[in-house]
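Take a look at the structure below.
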Amino acid sequence: MNVAAVSPAPSESARSGVPRCLVVADVGGTFARLALAETLPGQAPRLGSYRTYACADHPSLAAILADFTASLGQPMASAVVAIAGLLDGDTLINANLPWTVSLSATRRESGLPDLQLINDFEAVALAIPYLQADTLVPLNGDADPAKTFPALVLGPGTGLGAALRFADGERPVLASEIGHAALGAGNALELHVLGQLLQRWPHVDNERVLSGSGLMNLYPCLCELRGVAPQWTSTEALIAAARQGDDALAVETLQVFCAWLGSLAGDAAIAVGARSVYLAGGISTHVQDFLADGRFRERFLNKGVLTDVLRQVPVWRVEHGQLGVLGAAAWHAARTPAHD
């Protein structure tokens with residue numbers, strides 16, 4: 001499957017250059033999405049041979065990369081992997097992956113000597129300029145995406161990722177670990193939930209609630225507060241019950257989740273001076289009806305004297321399943337000389 005994308009007009013040197021092929025991947029706590037990318041400076045990356053792997057079904061990142069490379073039927077040496085976490089020397093720090101990741105061992109065991117790891121939301125942010133208008137669902141404001149930088153990219157998935165995208169510059173993306181910053185409560189109910197979570201952990205970060213796994217922390221807390229026994233033991237089952245409307249506590253959980261996410265999005269936009277916000281991540285799509293019911297926007301705007309400022313900050317939910325792999329390819333293209 002090829003991805004059509006809007007990009008600047010290619011330079012003469014780019015048009016005369018030789019495309020580079022590499023493996024690109026977007027690896028989260030649950031799924032790894034891989035593609036074969038073809039890149040040229042100044043042109044939108046093209047993606048093909050797209051495949052999705054369940055991370056827990058494979059013994060390592062190297063095993064996934066090796067399997068995908070073998071399926072291509074052609075030798076590959078280069079890869080860029082957008083992956084949740086923070087690279088500390090040779091080791092990736094991440095609480096949600098089913099296995100540890102060593103950069104040197106992954107290069108060796110995958111057979112990809114030119115392998116680079118980048119932050120997953122750095123990749124998502126790099127893909128923002130390539131988005132088509134029909135992939136953006138408005139949640140607040142109304143503006144031309146091309147004129148709304150810096151752009152905050154925020155995404156609840158297995159964890160919670162974020163990055164800030166500037167219009168241009170040598171370093172157009174500022175990566176963030178906002179998922180591990182302390183969770184703040186904005187009303188009495190959230191204070192009760194936070195109090196319960198603080199009995200379990202000395203540090204309650206944003207991911208403890210505002211992520212796929214966080215939903216399964218939020219739901220039991222609400223059940224306890226309402227005096228109801230929990231029925232659902234997985235994020236998928238909880239979301240399905242809420243979307244069907246058959247379980248009042250499941251519905252309330254997603255309503256509270258989306259309102260709390262709106263509060264965080266507003267705080268983050270204020271903190272970094274964002275002129276737009278993009279909601280990505282797998283959970284955003286699954287809870288789209290709840291994001292659109294007004295609670296997210298109400299809490300996004302509930303920022304005192306800055307409420308009117310935030311009314312001018314457009315928020316979009318992104319419907320694009322390949323942002324991470326597209327961004328990984330864009331990262332590589334930006335570092336590829338026009339001539340080999």
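Data overview
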| quantity | calculated |
| --- | --- |
| Within region 100-110, considering residues that are open to solvent by less than 40 Å² (accessible area, probe 1.4 Å) and in contact (Cβ under 8 Å) with a residue 24 or more places away in the chain, the one nearest to Pro145 (Cα to Cα) | Val101 |
| Close pairs (7 angstrom Cβ cut-off, 6 or more residues apart or separate chains): closer than 26 Å to Thr307 by Cα and open to solvent by less than 30 Å² (accessible area, probe 1.4 Å) in region 244-266, at pLDDT 95 or above and hydroxyl-bearing (Ser, Thr, Tyr) anywhere | Thr253/Tyr219 |
| Condition check for Val313: part of a loop (DSSP other than H, G, I, E, B) and either among the polar types (S, T, N, Q) or in contact with a Lys or Arg (Cβ under 8 Å, 6 or more places away or on another chain) (or both) | yes |
| Yes/no for Cys223 being assigned to a helix (DSSP H, G or I), closer than 18 Å to Leu279 by Cα and either of a type outside the set (Lys, Arg) or in contact with a Ser or Thr (Cβ under 9 Å, 6 or more places away or on another chain) (or both) | no |
| Identity of the residue in region 269-285, surrounded by fewer than 20 Cβ atoms within 10 Å (Cβ to Cβ) and part of a helix (DSSP H, G or I), that ends up nearest to the chain's Cα centre (by Cα) | Gly282 |
| Cβ pairs under 8 Å, 6+ apart, first in region 111-123 and under 15 Å from Thr91 (Cβ atoms), second charged (D, E, K, R) and open to solvent by 30 Å² or more (accessible area, probe 1.4 Å) | Leu115/Arg107 |
| Residue match in region 211-234 (condition: of a type in the set (Val, Ile, Thr) and within 17 Å of Gly29 (Cβ to Cβ)) | no |
| Close pairs from region 169-182: first farther than 24 Å from His203 by Cα, partner open to solvent by 50 Å² or more (accessible area, probe 1.4 Å), Cβ under 7 Å, at least 6 apart | Pro172/Phe166 |
| Test: residue in region 95-112 that is touching a Leu at 6+ places or on another chain (Cβ under 7 Å), over 25 Å from Leu36 (Cβ atoms) and modelled with pLDDT of 95 or more | no |
| Subset tally (residues that are surrounded by fewer than 18 Cβ atoms within 10 Å (Cβ to Cβ) and among the β-branched types (Val, Ile, Thr)) for region 55-99 | 2 |
| Subset of region 212-239 that is closer than 16 Å to Gly157 by Cα and small (Gly, Ala, Ser) - its residue that is most open to solvent (accessible area, probe 1.4 Å) | Ser213 |
| Single unsatisfied condition, Leu47 versus (1) under 23 Å from Gly281 (Cα atoms); (2) open to solvent by less than 20 Å² (accessible area, probe 1.4 Å); (3) at pLDDT 95 or above | (3) |
| Unmet requirement for Leu191, which otherwise passes all of (1) buried (at least 22 other Cβ atoms within 10 Å of the Cβ); (2) at pLDDT 95 or above; (3) not in a loop (DSSP other than H, G, I, E, B) | (1) |
| Output for region 196-224, where each listed residue is polar (S, T, N, Q) and either within 21 Å of Leu249 (Cα to Cα) or touching a residue at least 24 places away in the same chain (Cβ under 8 Å) (or both) | Gln196, Asn206, Ser211, Ser213, Asn217 |
| Identity of the residue in region 119-151, open to solvent by 10 Å² or more (accessible area, probe 1.4 Å), at pLDDT 90 or above and part of a strand (DSSP E or B), that ends up nearest to Val325 (Cα to Cα) | Leu136 |
| Neighbours by Cβ (under 8 Å, 6+ apart or cross-chain): first from region 60-80, in contact (Cβ under 8 Å) with a residue 60 or more places away in the chain; second open to solvent by 30 Å² or more (accessible area, probe 1.4 Å) and not hydrophobic (A, V, I, L, M, F, W, C) | Ser78/Arg20; Ser78/Asp114; Val80/Gln116 |
| Some residue of region 233-254 being among the aliphatic types (A, V, I, L, M) and not in a helix (DSSP H, G or I) | no |
| Qualifying residues in region 47-72 (those that are assigned to a strand (DSSP E or B) and aliphatic (A, V, I, L, M)) - the one nearest to the chain's Cα centre (by Cα) | Ala54 |
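The values are calculated or read from the model by the stated rules, or taken from the named source; none is laboratory data. For clarity, every value in this text was computed on a predicted model and none was experimentally measured. Every residue, glycine as well, gets a Cβ built from its backbone with ideal geometry; the counts of neighbours run over all protein chains shown. All accessible areas refer to the heavy atoms of the entire protein, side chains included, with ligands and DNA or RNA removed. Shrake-Rupley method; radii C 1.70, N 1.55, O 1.52, S 1.80 Å.
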